[in-house]
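Notes follow the structure.
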Amino acid sequence: MMPMTDLPPFLIFYIAAILVMLLPNRLGQLVSLTAPVLGGLLLYFLADTAGQWHIAEVVLEPVRVDDLSRLFGYLFHIAAFIGVLFSIHLRDRLQATTSLLYAGSAIGAVFAGDLLTLFFFWELMALSSMFLILARRTERAYRAGMRYFLIQAVSGVLLLLGTLIIYAQTGSLAFDHIELTSLASLLIFVAFGIKCAFPLFHNWLTDSYPESTPTGAVFLSAFTTKVAVYALARGFAGTEALVYIGAVMTCFPIFYAVIENDLRRVLAYSMINQIGFMVVGIGLGTALAINGAIAHAFNDVIFKGLLMMSMGAVLFRTGRMNGSDLGGLYKSMPVTTSLCIIGAASISAFPLFSGFVSKAMVMSAVLDEGHEFVWLALLFASAGVFHHAGIKIPFFAFFGHDAGIRTSEPPVNMLLAMVIAAILCVLIGVYPWLLYDLLPFSVDYNPFDRSHVLAQLQLLMFSAAAFAWLKFARIYPPELRSTNIDVEWLYRKFLPGLSSYCGGLLSSGSRGTSAALRAGNKAIMKVIFRHYGPHGTLARTWPTGSMVLWVAIILAASLLLYYF
Amino acid sequence: MIDSQLLLLQVTLPLIAAPICLLIKSGRACWAIAFIVTISSFSLAAIVFSYVLTYGVLEYNFGGWVAPWGISYRVDIVNGLIALLVSAITTIVLVFARTSVSNEIKNKNQSIFYTAWLLCLAGLLGITVTGDAFNLFVFLEISSLASYVLIAFGQDRRALTASYQYLVMGTIGATFILIGVGLLYAMTGTLNMVDIAARLPQGVTNRTAQTALAFLVVGVGLKLALFPLHLWLPNAYTFAPSAVGAFLAATATKVAIYVLLRFLFTVFGFNFSFEEMPLDLIFVTLGIVAVISASAVAIFQDNVKRMFAYSSVAQIGYMIIGLGLSSKAGLTASILHLFNHAWIKGGIFLALGCVAYKLGSVRLGALAGAGYRMPWTMAAFLLAGLSLIGVPLTAGFISKWYLFEAAIEKDWWLMLIVIVMGSLLSLIYVWRVIEMAYLRRPDHEEEKSEAPLSLLLPTWVLVFASFYFGLDTRLSVGVAHKAAETLIGYSP
């Protein structure tokens, strides 16, 4: 084999990112488009390897190729290609560069054979993806981006801490199955959990994705959480806690999604719901369940990408994203409408669309393992998905009340990217064995058995009927301009409010204390600033005499310490 | 076998070249002389280093007087490494100085500048190679006096007060060192460091030895900017000419740390310093306070040079913590961080020098949009910043990693939190600059104005080194290991 093909998969993207930064726009676009194609080809020829690399006494394994990482590798190359194609009309060098860096880091992360390399790409992903949010260049997006990065960085630090402790204890950095028994493994588990949007940690996702650029959301929805899913599958497959965490993840976002007005935020919630299915599968740990989880991750990237792109196209053309401001767009954007419906059908798991063939595997595995209640929860969640993602998204954006917007189809490159995703959705839905052949365990599974297809169709029909009835009876939550309160409320409102509230409680409602506490808060910040601020005690230029005083103090102190 | 006179040459070359520079008057010519001298000092240091790497120790006796009677230069792997580091970085920074200095200093003063530069280098190398305690003091004074002059060359008028304060503090430090050496001499009747170690009376209650140690640690602590004796440092680095800031940040404090190591391990011995005396406690406490407090101060700074001057204080904190761990692993981590930090901080200060050269200011506000106006400079800054934070694959990561391991070996879990917190704080202040440079637009659009190649090249060499030593650690880690072994091996 040519040595050329032994290049680490992520390198192509990094080189491309540098070229895009330096080259003129046209050439840069060409490079952006070529990188995923070339990278995918090279990956195809890359043999299963685990190259080792010694730094000091540490053995690193920067590139490990096996079935699991290869599948995610292909997926990310496809996602990167679709994303680049979707955004190729932009003349924004910042986004073009960082999206390639982001894709490359995600690919680097799934091929990382040791925890340290994983950490490295983990943080690079966080850093590069932040720019896709900042690139919206609004104050709101800036703040959301900073919050996003902060949480991602915390995840990285936890991962690093866990890694270092594991290394100190075992002397090995290898990233393989981790038993959830020690403090170190818990740290890593939480680090993965944050990126995977576990309940209570999920908030960065629904907070930041809707604030990103129309094209950035397509990249964001493809990589970060799926890398976390991969990391869980690699490290914590068969951990029972994941089954229940996953079940909660599938159910709770439904309620938020139904009342949410910002359609991209609806998609963000439905993303957590879909990841829930994957997490359940990983938690079960059987061959069928893992296969199902991974297949679902694959499909989710494609159909969620398709939905994000259709919403991105709407945002790009109309500048609006709230369900209450949109409607009736099918007249001016018929192609986008039909592509969006294909995505909606896939995410709702209509038979012959991609979501069906993978979700079915997870559901079967849940029943095989005897988790009836979890199965019921997933069933409820499936109905909910159809409700908020399958019907709500296309209905409010393209049908519903006519908001009187007359616009046109998005640029050709956007349409093309959506068409590719739609073709993949249908292709995998009709002929799932294409995907099954790539899965890490050999598959002997037929999604199209009669009971299964019938059950799913019943579920969908009743769900649709319910939506229709609720709509006609006017019980369905109207499209309101409202703010949903989620966990972010904890740190954006609750914590700042807590201190004054506690003050109020403690002093049986005396206003004085609460004010005092608030003042105390301010005073603490003031003290910090007074000492560390640009003209603070510790930062200012001291008179020479005081400096000398310090010398005397230190000398006296050390003499005392030595003598006694 | 090589001639041990090479040791002598290393120091005397810059010492002789310095007055020649003073006579010449032409800035260009002085630079050329200084460059030739530094690069030959560097080559000599490299030869000596490769010699001690295989044979252990190289000694040169002045006038043929054997060690306890005459002055001798004595190089083992520890000071071999430091001499190599100092001369290498001086060479690189001197390349930078040519353009930068001719921009900042009037032509007629340049010959004085290079004279002082060479004297400072001679002093630093002299401190490093000498085996004689009093000789060390003399070289310390030479380098200090020269560095006061260098700092006073700064364009800002505050450079004069900064230099004056440094002069007062530095003189106190030197006096303390002299007192310490004097006490040792009174006790042992010798000035040769190895000889002092052999004759030093053992025992806890030796008050003279204790007092000598106290004076030496505080004196050297002043020179190396040990918290809270660092107060002279921020202004000195901030207001000095760009090249001088980088030069001193990367070499002077490092040499001072070497002096501390030499006294603690070679002269007093590991047992006396760390087991009989509570130095480990003092160092760890001061180190932790330095890391957290100086980093926190750095976050709020508006002047970026000053920000990284405080960051230097914090980084010295790491080295002192490693020392305070009082184990071989801790000592290795200290030496390693000393080595790596020299490249990193040198790179950062040179990048800031490029900014000062083109934008005329290093205030945070002036850097708005600098990422677009000076892409290569800011890219260098970003990379060196990553290394400072300690991102994997960088030199900064390697030394923090070893510090981490040394702390775990002692089961000091609190230390892990301090190290991680220090890294996070450094992330914040590096980020402040990056955000300003890449995410803020300047008030009025300005032309792209990249620094000239003569400034960029040395900057990138240092940045490259701060990554190279993160990937290929054979030199740095291997030598740090050996150096730690050598130092601990001196103890009886």
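The values are calculated or read from the model by the stated rules, or taken from the named source; none is laboratory data. This one's a predicted model, so the numbers in the text were calculated from it and none came from an experiment. Reconstructed Cβ throughout: ideal geometry from the backbone, glycine too, with neighbour counts over all protein chains shown.
Which count do you get for residues in region B:462-482 that are outside any helix (DSSP H, G or I) and either away from chain A (no Cβ under 12 Å) or free of Cβ contacts under 8 Å to residues at least 12 places away in the same chain (or both)? Qualifying residue count, region B:462-482: 1. The number of residues in region B:222-245 that are facing chain A (nearest Cβ under 7 Å) and part of a helix (DSSP H, G or I) comes to 2.
When you scan region B:394-411, do you find a residue that is more than 29 Å from residue A:158 (Cβ to Cβ), among the charged types (D, E, K, R) and in a helix (DSSP H, G or I), even just one? No - not one qualifying residue is present in region B:394-411.
Every test in (1) modelled with pLDDT of 90 or more; (2) more than 10 Å from chain A (Cβ to nearest Cβ) is passed by residue B:208 save one, and that test is (1).
Table: residues versus (1) within 14 Å of another protein chain (Cβ to nearest Cβ); (2) surrounded by fewer than 24 Cβ atoms within 10 Å (Cβ to Cβ); (3) at pLDDT below 90.
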| site | (1), (2), (3) |
| --- | --- |
| B:303 | yes, yes, no |
| B:309 | yes, no, no |
| B:315 | no, no, no |
| B:331 | no, no, no |
| B:346 | no, no, no |
| B:355 | no, no, no |
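Being touching a Phe, Trp or Tyr at 6+ places or on another chain (Cβ under 7 Å) and in a helix (DSSP H, G or I) is the filter; apply it to region B:434-458 and report the residue that is surrounded by the fewest Cβ atoms within 10 Å (Cβ to Cβ). Ranking the candidates gives B:456 first.
Residue A:122 meets all of the listed conditions (1) crowded, with 23+ Cβ neighbours inside 10 Å; (2) within 9 Å of another protein chain (Cβ to nearest Cβ) but one, namely (2). Of A:187, A:164, A:160, A:150, all but one fail to be within 14 Å of chain B (Cβ to nearest Cβ) and either outside any helix (DSSP H, G or I) or in contact (Cβ under 8 Å) with a residue 40 or more places away in the chain (or both); the exception is A:160. Only helices (runs of 4 or more DSSP H) whose full extent lies in region A:246-359 are considered here, and the ones with at least 2 residues that are within 21 Å of residue A:194 (Cα to Cα) are A:263-284, A:287-318. All of B:431, B:376, B:412 fail the test of being within 13 Å of chain A (Cβ to nearest Cβ), modelled with pLDDT under 85 and surrounded by fewer than 20 Cβ atoms within 10 Å (Cβ to Cβ), apart from B:412.
Does region A:92-99 contain any residue that is more than 18 Å from the chain's Cα centre (by Cα), surrounded by fewer than 21 Cβ atoms within 10 Å (Cβ to Cβ), at negative phi and hydrophobic (A, V, I, L, M, F, W, C)? Looking through region A:92-99, at least one residue is more than 18 Å from the chain's Cα centre (by Cα), surrounded by fewer than 21 Cβ atoms within 10 Å (Cβ to Cβ), at negative phi and hydrophobic (A, V, I, L, M, F, W, C).
With respect to the conditions (1) under 16 Å from the mean Cα position of the chain (by Cα); (2) within 14 Å of another protein chain (Cβ to nearest Cβ), residue B:144 lacks only one, and its number is (2).
Would you point out the residue of region B:257-288, among those that are within 10 Å of chain A (Cβ to nearest Cβ) and part of a helix (DSSP H, G or I), that is farthest from residue B:184 (Cα to Cα)? Here the answer is B:286. Residues in region B:10-24 that are surrounded by 18 or more Cβ atoms within 10 Å (Cβ to Cβ) and within 20 Å of residue B:127 (Cβ to Cβ): B:10, B:11, B:13, B:14, B:15, B:17, B:18. In region B:199-221 there is at least one residue matching the filter, namely being free of Cβ contacts under 8 Å to residues at least 60 places away in the same chain, among the β-branched types (Val, Ile, Thr), within 22 Å of residue B:321 (Cβ to Cβ) and in a helix (DSSP H, G or I). In region A:401-428, the residues that are surrounded by 15 or more Cβ atoms within 10 Å (Cβ to Cβ) reach residues that are in a loop (DSSP other than H, G, I, E, B) and of a type in the set (Phe, Trp, Tyr) with C-beta atoms within less than 9 angstrom, at least six apart or across chains, in these pairs: A:425/A:353; A:426/A:353; A:428/A:353. One residue alone among B:196, B:177 is part of a helix (DSSP H, G or I), buried (at least 20 other Cβ atoms within 10 Å of the Cβ) and either touching a strand residue (DSSP E or B) at 6+ places or on another chain (Cβ under 8 Å) or away from chain A (no Cβ under 14 Å) (or both), and that residue is B:196.
Which of (1) closer than 25 Å to residue A:298 by Cα; (2) modelled with pLDDT under 85; (3) assigned to a helix (DSSP H, G or I) is the odd one out, the single condition residue A:445 does not satisfy? It fails just one condition, (3).
If the condition is being within 29 Å of residue A:418 (Cβ to Cβ) and at pLDDT 90 or above, then region A:190-204 contributes A:195, A:196, A:197. Of the numbered criteria (1) in contact with a Lys or Arg (Cβ under 8 Å, 6 or more places away or on another chain); (2) at pLDDT below 85; (3) surrounded by 16 or more Cβ atoms within 10 Å (Cβ to Cβ), the one residue A:463 fails is (1).
If you scan region B:147-167, which residues turn out to be surrounded by fewer than 20 Cβ atoms within 10 Å (Cβ to Cβ) and touching a residue at least 24 places away in the same chain (Cβ under 8 Å)? Once the filter is applied, which keeps residues that are surrounded by fewer than 20 Cβ atoms within 10 Å (Cβ to Cβ) and touching a residue at least 24 places away in the same chain (Cβ under 8 Å), region B:147-167 yields B:149, B:155, B:156, B:158, B:161. For region A:106-118, the criterion of a residue being touching a residue at least 24 places away in the same chain (Cβ under 8 Å), in a helix (DSSP H, G or I) and acidic (Asp, Glu) is satisfied by no position.
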